[in-house]
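Just so it is clear, none of the values below were taken in a lab; they were calculated from the coordinates. All of these numbers come straight from a predicted model, not from anything done at the bench. Cβ placement follows ideal geometry from the backbone for every residue including glycine, while neighbour counts extend to all protein chains displayed.
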Amino acid sequence: MSAVMDEAIEIARRGTGGYHVTLDVDALDPIVAPGSGTVVRGGLTYREAHLAMEKIAEAGGMTSLEVVEINTALDSNNRTAELGVELILSALGKTIL
């Protein structure tokens with residue numbers, strides 16, 4: 001995940017003043033994010049998702065961020081919504097370790 005994020009950020013910053021980040025909760029494994037629009041096993045783990053957002057924070061080029069596809073009707077005890085907030089915080093510089 002680290003190498004993939006480094007490459008993605010490098011590509012996104014080429015010739016730009018910054019980049020927009022969209023985090024689609026559907027990319028997360030339903031074990032950690034049960035309240036998404038499309039639940040498919042095998043998605044990003046809790047740590048992989050945080051690593052991706054932490055790499056974005058470290059790079060310093062994010063100009064805007066959105067988190068999409070949280071379905072509160074399918075969520076379990078607000079787990080997905082709370083994870084979404086945690087991931088936003090990671091993208092803004094908070095680390096989980």
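Which angle between 0 and 90 degrees, to the nearest 10, do you get for helix 79-91 versus the longest principal axis of the chain when only C-alpha atoms count?
Value to nearest ten degrees: 10.
Report D for the stretch 2-91 in µm² per second (integer): Stokes-Einstein, Kirkwood Rh on Cα pairs, 37 °C, 0.692 mPa s. Walk me through the numbers before you get to the answer.
Details: Rh = 13.4 Å.
Answer from the Stokes-Einstein relation: 245 µm²/s.
Subtracting the Cα-Cα distance from 0.36 nm times the residue separation, let me have the gained length for residue 63 to residue 16 in nm, one decimal.
Working: separation 47, 0.36 × 47 = 16.92 nm, distance 1.07 nm.
That pair, residue 63 and residue 16, stretches by 15.9 nm at full extension.
Given points 7 Å out from each Cα along the Cα-Cβ axis, report the residue 78 to residue 2 separation in nanometres with one decimal.
Between residue 78 and residue 2, the simple spin-label model gives 3.4 nm.
With angles folded into 0 to 90 degrees, how steeply does helix 2-13 sit against the dominant principal axis of the chain? Use alpha carbons for both and round to 10.
60 degrees
Mean residue ellipticity at 222 nm from the helices of the chain, using -39,500 (n - 2.57) per DSSP H segment of n ≥ 4 over the full residue count, to the nearest 500 deg cm²/dmol? Working shown, then result.
Details: 3 runs with 39 residues, N = 97.
About -12500 deg cm²/dmol.
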